[in-house]
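Each remark here refers to the structure printed beneath this line.
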Amino acid sequence: MERKSGNIMIMGHPLIKHKISLLRDKNTGTGEFRSLVEEIAMLMAYESLRSLPLEDAEIETPIETCKSPVISGKKLAVVPILRAGLGMVDGILKLVPSAKVGHIGLCRNEETHLPQEYYCKLPAQLNEREVILLDPMLATGGSASAAVELIKAKGCKSIKFMCIIAAPEGLDVLAKAHPDIEIYVGNLDRCLNENAYICPGLGDAGDRIFGTK
Ligand code: PRP
Ligand code: URA
């Protein structure tokens, strides 16, 4: 994992890079695409949760009692941005099964490319939780910035945003709007095209995960 600047981390693990290449391929079908998104999310969670605090707990093994480290500190909440973020949830929950799950529904207007909110249901006591916000695509940065605002409005002070592919334009927008969050990126792509799609990207992540279109 390489620190790009400030709180922006770009994944360097060969397994993540390899799986992203498979994801990009237009011949990768829905089932395989869905599995890859889940696997990449799990690998990214493994990398980005390295800093979780530990505390010693007393454990009784079949041989003797010992002190052994367990995760301590803030409780986690996983929040996918609908629809495409849903594809990443199970990968994270495989590693942290006790995390609560919230949902934020945002849809980009096809002409203005601005996000429109249609749903928001977040776990209680977000001020005591660390949130992992999920969306495979960071394009203009509008959706991620709006989702972070909704989470902060509930009092959350600790947010990690995880995306599989980012455009430089969107990464810049998100980092400037929310310099206090950590941003984890699977791959930083070249640019946006005239329709605000990421190049080379992987197309429409939601459509590819759910087989719509
Ligand atoms: C896609 C993607 C992000 C957003 C990124 O969702 O999953 O949420 O676009 O674009 P932005 O950075 O320019 O805001 P979309 O709005 O297409 O909705 P969907 O997941 O329901 O297909
Ligand atoms: N949303 C996507 O799903 N893909 C893009 O390239 C941009 C926004």
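Observations on the structure shown:
- Using a probe of 1.4 angstrom and keeping all protein chains present, the accessible surface of region 23-72 works out to 66 square angstrom per residue.
- When DSSP beta bridges are restricted to pairs lying wholly in region 118-213, around 15% turn out antiparallel.
- Rounded D (µm²/s) - region 56-129, Kirkwood Rh over Cα pairs, Stokes-Einstein at 20 °C, 1.002 mPa s: 141
- Spin-label pair Met42/Thr112, simplified geometry with 7 Å Cα→Cβ offset, distance in nm: 4.0
- For Lys213, the aspartates and glutamates whose Cα falls under 19 Å of its own Cα, not counting residues fewer than eight places away in the same chain, are Asp25, Glu32, Glu110, Glu111, Asp204.
- Rg(Cα) / (2.2 N^0.38 Å) computed for region 121-213, rounded to two decimals: 1.12
- 3J(HN,Hα) from dihedral phi, region 8-21, Karplus parametrisation 6.51/-1.76/1.60, rounded to Hz, x for glycine, proline: 9, 10, 10, 5, x, 5, x, 5, 5, 4, 4, 5, 5, 4
- Amide H contacts for Cys120 (H built 1.01 Å from N in the peptide plane; partners 5 or more residues away or on another chain; cut-off under 5 Å): Gly105.
- Scanning residues 5 or more positions from Val78 or on other chains, those with amide H under 5 Å from its amide H are Lys100, Val101, Gly102, Ile132, with H placed 1.01 Å from N in the peptide plane.
- Theoretical FRET efficiency, 1/(1+(r/R0)^6), r = Cβ-Cβ of Ala57 and Lys26, R0 41 Å, to 0.05: 0.25
- DSSP bridge orientation in the chain - percent antiparallel, rounded to nearest 5: 40
- Helix 168-177 axis versus longest C-alpha principal axis of the chain: approximately 60°, rounded to the nearest ten.
- Residues of type lysines that Lys157 reaches as a straight line, Cα spacing below 26 Å, ignoring anything fewer than 8 places off in the same chain: Lys4, Lys74, Lys75, Lys94, Lys100, Lys121, Lys176
- For region 67-133, share of DSSP beta bridges that run antiparallel, in % to the nearest 5: 40
- Mean separation of Cα pairs under 8 Å and 6 or more residues apart, divided by the residue count, gives region 14-130 a relative contact order of 21 percent.
- What region 80-213 shows is 45 Å² of accessible area per residue, with the surface traced by a 1.4 Å probe over protein heavy atoms.
- Springs between Cα atoms under 10 Å define the GNM used for the chain, and in it the highest mean-square fluctuation of Ser21, Ser145, Ser158 occurs at Ser21.
- Computed from phi, the 3J(HN,Hα) profile of region 185-190 under the Karplus parametrisation 6.51, -1.76, 1.60 (θ = phi - 60°) reads 10, x, 8, 8, 7, 7 Hz, with x in place of Gly and Pro.
- For q = 0.08 Å⁻¹, Debye-computed log10 I/I(0) when each Cα of the chain counts as one equal scatterer: -0.28
- Percent carbon-and-sulfur accessible area, the chain, ignoring ligands, DNA and RNA, probe 1.4 Å: 52
The values are calculated or read from the model by the stated rules, or taken from the named source; none is laboratory data. Please read all numbers here as calculations on a predicted model, not as lab measurements. Quick reminder, even Gly has a Cβ in these numbers, built from the backbone with ideal geometry, and neighbours come from all protein chains shown. Ligands, DNA and RNA are stripped out before the accessible areas are found, and what is left, the full protein with its side chains, is counted by its heavy atoms. Shrake-Rupley method; radii C 1.70, N 1.55, O 1.52, S 1.80 Å.
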